[in-house]
Amino acid sequence: MSGAAAMIRVDRLTFAYGGRVPVFEGFSLGVGRGEALAVIGPSGCGKSTLLYLLAGLRQPQSGEIRVLGQPLVRPRPRTGLILQDHGLLPWATLRDNARLGVRIRTFYGPDGRHAPREGAESRTEALARVDGWLERLGILEYADQYPSQLSRGQRQRAAIARTLALEPDLLLMDEPFSALDAPTRSDLLDIIGRAGPADGLTRILVTHDIDEAVLFGEEILVLTRGTNRETLVLEGQPGGDSDAEARSALRARLLGLLEKKP
Amino acid sequence: MTKSISPLSALAGLAMFFVLWQGAAWLVKNAILPGPVTVVPVFFRLLPGELGLHFLASAGRVLAAVALAVALAAPLGLILGQAPRIDRLVAPLIAILYPIPKIVFLPVIYVLMGITDVSKVLLIALIIFFQILVVVRDEAAGLHPELILSVRSLGAGRRALFRYVYLPATLPAVLTALRVSVGTAIAVLFITEQSLTHYGLGYYIVVETYQVLLYPQMYSGILAMSLLGLAFYFVLFRFEVRLTRHLGRAEG
């Protein structure tokens with residue numbers, strides 16, 4: 001949407017879990033390149049489902065999803081996904097976990113299907129970049145520890161490092177901060193926020209937290225329980241430059257929308 | 001057992017074992033229980049020859065059975081663990097078959113397949129098969145769906161998922177199951193080797209020594225069979241310790 005080139009085009013999408021009421025029916029959405037979109041809604045509204053659909057991990061029953069003009073039929077190598085928890089291998093150290101993406105790419109080679117065809121680089125370079133991200137996220141000193149020895153915040157940083165080291169152009173996040181304490185949350189929100197405009201990274205954050213949505217989203221998609229047909233997108237107030245009054249107005253509006261029964 | 005064993009404590013255990021054995025031999029004072037002082041020299045004299053061949057035959061059968069059981073049970077366990085619908089369908093069947101002592105099928109297998117090496121290996125493999133099947137299924141079912149999704153999102157297809165998730169997730173449990181079931185496997189091996197074979201420790205202990213009253217030689221066979229069990233147990237245990245460091249066990 002807006003003037004930017006389209007990163008994602010969702011066109012009349014319909015999806016239902018085996019025989020149940022559809023989560024989406026004839027649902028359309030556009031996300032511009034480099035944009036930050038927050039997706040908010042009550043639990044069970046289909047916001048995680050939408051993310052998995054955009055990740056290519058689930059296939060719609062009808063309709064189409066295009067990413068950079070290409071129809072999405074399987075996970076794209078340049079889409080990164082960060083989940084709330086359980087994303088790390090419990091038997092591997094933090095560094096090995098952060099390297100997993102690079103390992104999988106080397107495992108297949110640049111085949112365009114599991115790893116990007118263009119811009120293939122040496123394994124050493126890629127592994128060095130992983131350590132660079134571990135350092136930027138302040139967890140390099142824990143690199144040899146196992147996930148169970150680390151805090152949730154440190155684990156989530158490792159998951160972020162693993163994903164960003166693959167240099168994605170689309171970052172999908174499913175409540176990545178919801179289990180974290182407030183300072184860690186705003187810290188990571190800041191890192192993800194800054195990872196944006198300069199590299200043209202498109203970011204989609206699924207959350208149930210109104211403040212998070214308001215702070216993160218340049219646009220905010222509101223989903224409802226039951227079947228989603230309409231696309232309700234509000235303009236967000238991210239960054240430090242927006243005024244407090246506009247923010248609290250937006251908060252109140254979102255609160256009203258979320259409390260309304262479908 | 002969660003601790004690894006130091007060479008010193010292993011030696012101490014061995015010493016205690018031999019002292020108790022020798023003590024029992026002095027107390028019983030019967031040809032059927034010679035002490036280690038008599039048996040150990042016989043063991044080392046026979047090992048490079050005949051006894052060694054029997055040992056290798058037995059070890060080969062156990063290894064073949066382990067390989068066969070793992071090759072069949074591990075993939076099946078993965079499928080069941082990742083496909084709850086199929087699992088629910090066959091779980092009652094597995095629950096019924098799992099506790100049946102598989103040795104009771106010995107006559108059936110012998111009649112159907114003949115008393116061959118294949119039938120012996122098959123019977124041992126049957127025992128290990130169910131142990132592996134159940135643990136691999138449970139480990140695979142215990143993997144968080146989020147973990148699989150996030151690894152798939154890194155670009156992993158079926159092969160990379162197997163290499164980076166399923167294999168490391170299930171291997172420690174496979175080794176534990178093998179370690180626990182290797183005792184039963186060797187017990188069954190002992191029984192199967194008593195009929196229609198010319199090599200194997202079971203045959204050596206029962207036919208070549210016990211039945212002709214060569215008790216010290218019989219004990220050298222028993223020692224060899226114990227060694228076989230011990231070797232399997234500790235090799236598997238070493239691998240397990242290595243693979244489960246993240247649990248904070250042993251060598252941390």
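Here, each number is a calculation from the coordinates, and none is a lab measurement. Quantities reported herein were computed from a predicted structural model and do not represent experimental measurements. We place every Cβ from the backbone using ideal geometry, glycine too, and count neighbours over all the protein chains shown.
Just want the ordering: A:24, B:130, from fewest to most Cβ atoms lying within 10 Å of their own Cβ.
Values: A:24 24, B:130 19.
Ranking A:24, B:130 by Cβ neighbours within 10 Å, fewest first, gives B:130, A:24.
In what order do A:211, A:144 fall by count of nearby beta-carbon atoms within 10 Å, going from fewest to most?
Numbers: A:211 15, A:144 10.
Starting with the residue having the fewest Cβ neighbours, the order is A:144, A:211.
With respect to chain A, whose longest principal axis is taken over its alpha-carbon atoms, helix A:123-136 is tilted by about 60°.
Going by how many other beta carbons lie within 10 Å of each one, how would you line up B:208, A:125, fewest first?
On the way: B:208 17, A:125 9.
Ranked by crowding around the Cβ, least crowded first: A:125, B:208.
Across the stretch B:103-185, the volume of the C-alpha convex hull divided among the residues equals 110 Å³ per residue. Taking the Cα-to-Cβ direction at residue B:187 and at residue A:68 and moving 7 Å from each Cα, how far apart do the two end points lie in nm? It works out to 6.2 nm between the two label points. Placing dummy labels 7 Å off each Cα toward the beta-carbon, the span from residue B:12 to residue A:245 is 8.0 nm.
Taking each DSSP H run with n ≥ 4 as -39500 (n - 2.57) and averaging over every residue of chain A yields -10500 deg cm²/dmol at 222 nm. Shielding by partners for peptide A:246-252, expressed as the average number of C-beta atoms from other protein chains within 10 Å of each residue's C-beta, is 0.
From the alpha carbon gyration tensor of the stretch B:49-244, can you work out the equivalent ellipsoid semi-axes (sqrt of 5 times each eigenvalue) and give them in Å, largest to smallest? Don't skip to the end; give the middle numbers.
On the way: eigenvalues 276, 71, 29 Å².
Its equivalent ellipsoid spans semi-axes of 37, 19, 12 Å.
What relative contact order, as a whole-number percentage, does chain B give when Cα pairs under 8 Å and 6 or more residues apart are counted?
Values: 249 pairs, mean separation 69.5, N = 252.
Relative contact order of chain B: 28 percent.
The fraction of Cα-Cα pairs per 10 angstrom bin, counted from 0 for the stretch A:79-217, comes to 12, 43, 35, 10, 0 percent, rounded to whole percents. Take the Cα of residue B:85, go 7 Å toward its beta carbon, and the backbone nitrogen atoms of the stretch A:44-58 under 18 Å from that spot belong to A:58.
Based on the Cβ-Cβ distance of residue B:243 and residue B:76, what FRET efficiency does E = 1/(1 + (r/R0)^6) give at R0 = 22 Å, to the nearest 0.05? With R0 = 22 Å, the Cβ-Cβ based efficiency is 0.55. When the alpha carbon gyration tensor of the protein assembly as shown is reduced to an equivalent ellipsoid, the three semi-axes, largest first, read 61, 25, 19 Å.
For every helix of n ≥ 4 consecutive DSSP H residues, a contribution of -39,500 (n - 2.57) applies; sum these over chain B, divide by its total residues, and give [θ] at 222 nm rounded to the nearest 500 deg cm²/dmol.
Details: 10 runs with 179 residues, N = 252.
So the calculated ellipticity at 222 nm is -24000 deg cm²/dmol.
Please build a GNM for chain B, connecting alpha carbons under 10 Å apart, and tell me which residue among B:229, B:142, B:81 fluctuates the most. Result for chain B, Cα springs under 10 Å: B:142 fluctuates most. With a simple spin-label model that places each label point 7 Å from the Cα along the Cα-to-Cβ direction, the separation between residue B:234 and residue A:208 comes to 5.4 nm. Rg and Dmax of chain A, both derived from C-alpha coordinates alone, stand at 18.3, 54 Å.
Estimated at 0.36 nm per residue, the fully extended path between residue A:253 and residue A:136 surpasses their Cα-Cα distance by 38.5 nm.
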